[in-house]
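The values are calculated or read from the model by the stated rules, or taken from the named source; none is laboratory data. Quantities reported herein were computed from a predicted structural model and do not represent experimental measurements. Here Cβ is always computed from backbone atoms with ideal geometry, including for glycine, and neighbour counts include all displayed protein chains.
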Amino acid sequence: MEARVARLETHIEYIRRDLDEVLVDVKSIKSRMAYFAGAGVVLLGIFAWIANNRFDQLVELLAK
């Protein structure tokens, strides 16, 4: 009976170790997603700014 309990404890230790590795991977993925989201917001802001500047030039050309 003790051998079976020892095997179960060993399996649980391996499962716990694997779950810890998965949690580290999930945190890494979350941080990457946050960086990409931030970069996307910055790029979107730059494109919006450029479009706004070009829109003003287009309105000026059409108003002449």
Inset, instruction - Taking the options GLU60, GLU9, name whichever one is at pLDDT below 90, assigned to a helix (DSSP H, G or I) and out of contact with any Pro (no Cβ under 9 Å at 6 or more places or on another chain). - result: GLU60
Legend entry - Residue within the stretch 9-21 that is without any contact (Cβ under 8 Å) to a residue 12 or more places away in the chain and more than 33 Å from the chain's Cα centre (by Cα) present: yes
